[in-house]
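Participant: Before I ask anything, let me first share the structure, which is written out below as structure tokens.
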Amino acid sequence: METDIDKVIKKYRQGRREELIPLLQEIQETSGFLSEDAIVKVGKHLGLSTTKIYGLATFYDQFKFFPKGRIHIKVCNGTSCFLEGSQAVLNNIIDETGASPGQTTRNGNFTLEVVSCMGGCNNGPVVSVNNEFFTKVKPEQIPEMIRKLKYIFEND
Amino acid sequence: MEDLKNFLISRVLLLESDTLPQETEKSLQYLRRDKTDVPLIFISSGTSSMIAGSEKTYFSAKTYLEESDITADIIRVGCTGPFNYEPSVAVQMPGKNRLFFRNITEEKIEPLLNGVFHNDINKDDLLGQHGMKGFEMWPGVPFIGDLPFFAFQKRIVLGNCGCYDPESIEEYIARGGYRSYVKTIRHYTYEEVCDIVEKSGLRGRSGGGYPTGLKWKQALNTASGTRYLICNAKESDPGSFCNITIIESDPHRLIEGMAIASYAIGSSSAIVYLRSGSDYAHSRIQKAIDSAREYGLLGHNIYSSGYNLDISVRIEPGAFVCGEETALINSLEGKRGMPQLKPPYPTTYGLSGKPTVINNVETLMNVPIIMQNGPEWFRSHGTDNSPGTKIFAVAGKARLTGVVEVEMGTSLKTIIDDIADGIKDGKEFKAVQIGGASGTYITHDNLDVPVDYELMKERDAGMGAGGFIVIDESTCMVDLVRFYMEFIRNESCGKCIPCREGTGRMLEILEGIIRKPANEDSGTTLERFKGVMQLETIAAVMKDASLCGLGQTAPNPFISALKNFREEFEEHIFDRKCRANVCRGLRTFSIDVDKCTGCTACAARCPVNAIYGTRLQPFFIVEDKCIGCGICFDICKFSAIVVK
């Protein structure tokens, strides 16, 4: 059976090393993360060892090796947001969700990511939840916000 | 559509003379939206506007027009510059000057449009009007060009930002776009283009200030069948957003600049290396490339000049160090983005071993302007050593933040006091940091320094790529230095030891300075002090021995902060005090018994249960348990919590 990964690999017919990163990026875009299966297949296609590909993929922040959680929280930690107190917001989110930066919680509910600038510098700290932006977030708003998000799971 | 395309190509792009005939000019007026028969509504739509909610404004404007049965065009334009005014909306009634409004959220758009259509404008959200020749003025409305934010700027590169629909190539051509590119490939040789740019004195805008024309010549003079041009749009300094805003607002000029630069070095393939996570900029630039291809501006044998060019977009996979030239090339070749020893420089041995020119977005944006107006015109702006303008992304504690463009030679004071309108909340100015995560701090004494590569270097300040962070008294410098060091530590690629180990050690020591004193009589105090003594040595070694710019400049914020704010460091180390009350570990809280009402709000929220007391009686905080998080301080409604 042809999977989505095979379809993506087929597009990169030349199989050159330069195509490795765009290929991995596209696989991640279609399936959300890089599975072991995907890395092995890419290795076969490009004639590269699996360790090399894994070594490359772990070097870059963009590649993820676990599926994303149902709720994807991004916290901006650019200088502007930092000056406005994003660190306290981030700490509270870590406390409330139990996810550490760059990781997904075990139950697969939350993925937390820290980004260096989202471009909303006058509105900091900026937090995005499933691509919806919250601006001028105060640390004390976090517990309420996370409780509401958790409520959605319980009634799903 | 096809007619319009043929018209624009034959009557505008391929026209030999510099001035357009009158009838062509007349029909272009409509395309440029200088003239209009229906009301035009311009809604800004960059990343910053979207975060502020511009998409919602767009849809409520649409519903309003449908419901009230009014014919009007809604156009999504890029950001004009000031981020505080997002989402910004401009309205142009037929025959009248364009009006600009600020902070138009979804609920405000309906009354606003209603007012404008009935000639009764709401002055609260009004910014001003944009004066255009032969149009009726709005009485009693100030001109937007007179606002200090715009009056002190010189908008050459940003000239198109927020004025046209970035997804419409027709509008860009009607505004005079792509004409200098077509003229270049039809009438100039490679060397001539390099000469013009060299004569103009354009220097790399990414901070180094290397003459652009010279760089091009080096690549051109290296014998090779293939050459590459790369536009470095990997801008991932925390708090820097110039490139993304430019690409979102004016992608076509970047394409034109890249096309001219590619021609000048005889390259037939160019790459935009875009930062990851900027989906909006990606879709805009991809659309711009597609429509340029449709117009035959990219492709094979462009307008029978015998020149071929294709531009592709590559998304950087998320590593700060990939902004470095050699690391960038490695990442494009499908390897780990680690820098290499220079020389050989990319201009002689770059991507796939071929000569490669890597230019910054802002540098390339200047190229079409130079080709259009000539090198002498360009030289008449700015200073002798640094002609032209410079774009900064003003952020931090300034009252107005956003993307600004100033003529070289403008003092930093003008940018902070006049353009950005000073410091917000009436606080005191402390320093400004130029150049992102590895920039130095400029204090009050040096604010008169003009924006100029050499003059800034004399005062220990780098030009940087455009980061401009304004810092006020409420910021702790030690904490800020720690923040940058943590960022660099995370982003260090790990290839060379001074950078990999040095950043880690420096971060450890800095964290030691701001950590809560555990048991002062054990050896930790001595250890901490030893570390502090060594910080300067580590910084010096990193500066000398690191392989690439990331490691070499990583200690800059620390060195500069130590020089300018030594007393703050000493307070942290000796007195264990943070004057800005930012460092968690060094602050303790206590409760003012006279003010405390015993509402229990703080005790309920304390994460470590350090607050005790009986209901309706004053509470108290156990100092040993307190971690200094400040939740109680934020939550107390009676300001009974005091910081010590």
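Participant: Considering only residues that are in a loop (DSSP other than H, G, I, E, B), under 26 Å from residue B:392 (Cβ atoms) and of a type in the set (Phe, Trp, Tyr), which ones fall in the stretch B:109-166?
Facilitator: B:152, B:164
Participant: Which one of these does residue B:356 not meet: (1) at pLDDT below 95; (2) more than 10 Å from chain A (Cβ to nearest Cβ)?
Facilitator: (1)
Participant: More than 14 Å from every other protein chain (Cβ to nearest Cβ), over 21 Å from residue B:279 (Cβ atoms) and free of Cβ contacts under 8 Å to residues at least 40 places away in the same chain, is that true of residue A:4? I'd like the intermediate steps shown before the answer.
Facilitator: Numbers: more than 14 Å from every other protein chain (Cβ to nearest Cβ): yes; over 21 Å from residue B:279 (Cβ atoms): no; free of Cβ contacts under 8 Å to residues at least 40 places away in the same chain: yes.
No, not satisfied.
Listed here are the residues, each with its yes/no results for (1) surrounded by fewer than 17 Cβ atoms within 10 Å (Cβ to Cβ); (2) not hydroxyl-bearing (Ser, Thr, Tyr).
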{"residue": "B:416", "(1), (2)": "no, yes"}
{"residue": "B:428", "(1), (2)": "yes, yes"}
{"residue": "B:432", "(1), (2)": "no, yes"}
{"residue": "B:439", "(1), (2)": "no, yes"}
{"residue": "B:443", "(1), (2)": "yes, no"}
{"residue": "B:446", "(1), (2)": "no, yes"}
{"residue": "B:457", "(1), (2)": "yes, yes"}
{"residue": "B:465", "(1), (2)": "no, yes"}
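Participant: Write out, first by first residue and then by second, each pair whose Cβ atoms fall under 7 Å of each other, whose residues are 6+ apart or on separate chains, and whose first residue, in the stretch B:1-26, is free of Cβ contacts under 8 Å to residues at least 60 places away in the same chain while the second is among the basic types (Lys, Arg) and surrounded by 13 or more Cβ atoms within 10 Å (Cβ to Cβ).
Facilitator: Here the result reads B:24/B:11, each pair linking the stretch B:1-26 to a residue that is among the basic types (Lys, Arg) and surrounded by 13 or more Cβ atoms within 10 Å (Cβ to Cβ).
Participant: For a quick check of your reading of the model, give me the residue pairs whose first member lies in the stretch B:320-340 and is under 13 Å from residue B:273 (Cα atoms) and facing another protein chain (nearest Cβ under 8 Å), whose second is among the basic types (Lys, Arg) and assigned to a loop (DSSP other than H, G, I, E, B), with beta-carbon atoms closer than 8 Å and at least 6 apart or on different chains.
Facilitator: Between residues of the stretch B:320-340 that are under 13 Å from residue B:273 (Cα atoms) and facing another protein chain (nearest Cβ under 8 Å) and residues that are among the basic types (Lys, Arg) and assigned to a loop (DSSP other than H, G, I, E, B), there is no close pair.
Participant: Just one of (1) touching a residue at least 40 places away in the same chain (Cβ under 8 Å); (2) out of contact with any Gly (no Cβ under 9 Å at 6 or more places or on another chain); (3) more than 14 Å from every other protein chain (Cβ to nearest Cβ); (4) surrounded by 15 or more Cβ atoms within 10 Å (Cβ to Cβ) trips up residue B:642, so point out which.
Facilitator: So residue B:642 meets the others, but not (4).
Participant: Which condition from (1) among the aromatic types (Phe, Trp, Tyr); (2) buried (at least 24 other Cβ atoms within 10 Å of the Cβ); (3) more than 14 Å from every other protein chain (Cβ to nearest Cβ); (4) farther than 19 Å from residue B:269 by Cβ is the one that residue B:241 breaks?
Facilitator: Residue B:241 satisfies every listed condition except (3).
Participant: Just to be sure before I move on: is residue B:482 assigned to a helix (DSSP H, G or I), free of Cβ contacts under 8 Å to residues at least 24 places away in the same chain and in contact with a helix residue (DSSP H, G or I) (Cβ under 7 Å, 6 or more places away or on another chain) in the structure I sent?
Facilitator: No.
Participant: Name the residue, out of B:271, B:247, B:311, that is more than 29 Å from residue A:80 (Cα to Cα), within 14 Å of chain A (Cβ to nearest Cβ) and touching a helix residue (DSSP H, G or I) at 6+ places or on another chain (Cβ under 8 Å). Break it down stepwise before answering.
Facilitator: Numbers: B:247 fails: more than 29 Å from residue A:80 (Cα to Cα); B:311 fails: within 14 Å of chain A (Cβ to nearest Cβ).
Exactly one residue qualifies, and that residue is B:271.
Participant: Listed residues B:103, B:6; which is in a helix (DSSP H, G or I) and modelled with pLDDT of 90 or more? Write out each step before concluding.
Facilitator: Numbers: B:103 fails: in a helix (DSSP H, G or I).
The match here is B:6.
Participant: Something else now. All but one of (1) among the hydroxyl-bearing types (Ser, Thr, Tyr); (2) farther than 30 Å from residue B:499 by Cα; (3) buried (at least 17 other Cβ atoms within 10 Å of the Cβ) hold for residue B:600; state the number of the condition that does not hold.
Facilitator: Residue B:600 satisfies all of (1) among the hydroxyl-bearing types (Ser, Thr, Tyr); (2) farther than 30 Å from residue B:499 by Cα; (3) buried (at least 17 other Cβ atoms within 10 Å of the Cβ) except (3).
Participant: Among the helices (runs of 4 or more DSSP H) lying completely within the stretch B:536-623, list those that include at least 2 residues that are in contact (Cβ under 8 Å) with a residue 40 or more places away in the chain and touching a Pro at 6+ places or on another chain (Cβ under 9 Å).
Facilitator: Of the helices (runs of 4 or more DSSP H) lying wholly inside the stretch B:536-623, those with at least 2 residues that are in contact (Cβ under 8 Å) with a residue 40 or more places away in the chain and touching a Pro at 6+ places or on another chain (Cβ under 9 Å) span B:549-553.
Participant: Turning to a different aspect of this structure: Conditions: (1) assigned to a helix (DSSP H, G or I); (2) in contact (Cβ under 8 Å) with a residue 40 or more places away in the chain. Residue B:445 meets all but one. Number of the miss?
Facilitator: (2) is the only condition that residue B:445 fails.
Participant: Suppose the filter is at pLDDT below 90, within 14 Å of chain A (Cβ to nearest Cβ), more than 19 Å from residue B:129 (Cβ to Cβ) and not in a strand (DSSP E or B); does residue B:70 pass it? Reasoning before the result, please.
Facilitator: Working: at pLDDT below 90: yes; within 14 Å of chain A (Cβ to nearest Cβ): no; more than 19 Å from residue B:129 (Cβ to Cβ): yes; not in a strand (DSSP E or B): yes.
No.
Participant: Determine whether residue B:21 is away from chain A (no Cβ under 14 Å) and modelled with pLDDT under 90.
Facilitator: Working: away from chain A (no Cβ under 14 Å): yes; modelled with pLDDT under 90: yes.
The answer is yes for residue B:21.
Participant: Which condition number in (1) surrounded by 22 or more Cβ atoms within 10 Å (Cβ to Cβ); (2) more than 30 Å from residue B:471 (Cα to Cα); (3) of a type outside the set (Asp, Glu) is the one that residue A:122 fails?
Facilitator: Residue A:122 satisfies every listed condition except (2).
Participant: To continue, here is another question. I'd like to know if the stretch B:206-228 contains one or more residues that are within 14 Å of chain A (Cβ to nearest Cβ) and in contact with a Leu (Cβ under 8 Å, 6 or more places away or on another chain). So that I can check it myself, show each step before the final result.
Facilitator: We begin by selecting, within the stretch B:206-228, every residue within 14 Å of chain A (Cβ to nearest Cβ); these are B:226, B:228.
Still in the list and also in contact with a Leu (Cβ under 8 Å, 6 or more places away or on another chain): B:228.
Within the stretch B:206-228, one or more residues are within 14 Å of chain A (Cβ to nearest Cβ) and in contact with a Leu (Cβ under 8 Å, 6 or more places away or on another chain).
Participant: From the set of residues in the stretch B:455-474 that are over 22 Å from the mean Cα position of the chain (by Cα) and under 18 Å from residue B:414 (Cα atoms), which is farthest from the other protein chains (Cβ to nearest Cβ)?
Facilitator: B:455
Participant: Could you say which residue among B:359, B:385, B:330 is in contact with a Lys or Arg (Cβ under 9 Å, 6 or more places away or on another chain), in a loop (DSSP other than H, G, I, E, B) and over 30 Å from residue B:477 (Cβ atoms)?
Facilitator: On the way: B:359 fails: in a loop (DSSP other than H, G, I, E, B); B:330 fails: in a loop (DSSP other than H, G, I, E, B).
Sole residue among the options that is in contact with a Lys or Arg (Cβ under 9 Å, 6 or more places away or on another chain), in a loop (DSSP other than H, G, I, E, B) and over 30 Å from residue B:477 (Cβ atoms): B:385.
The values are calculated or read from the model by the stated rules, or taken from the named source; none is laboratory data. None of these values were measured; they are calculated from a predicted model. All Cβ positions, even for glycine, are placed from backbone atoms using ideal geometry, and neighbour counts span all protein chains on display.
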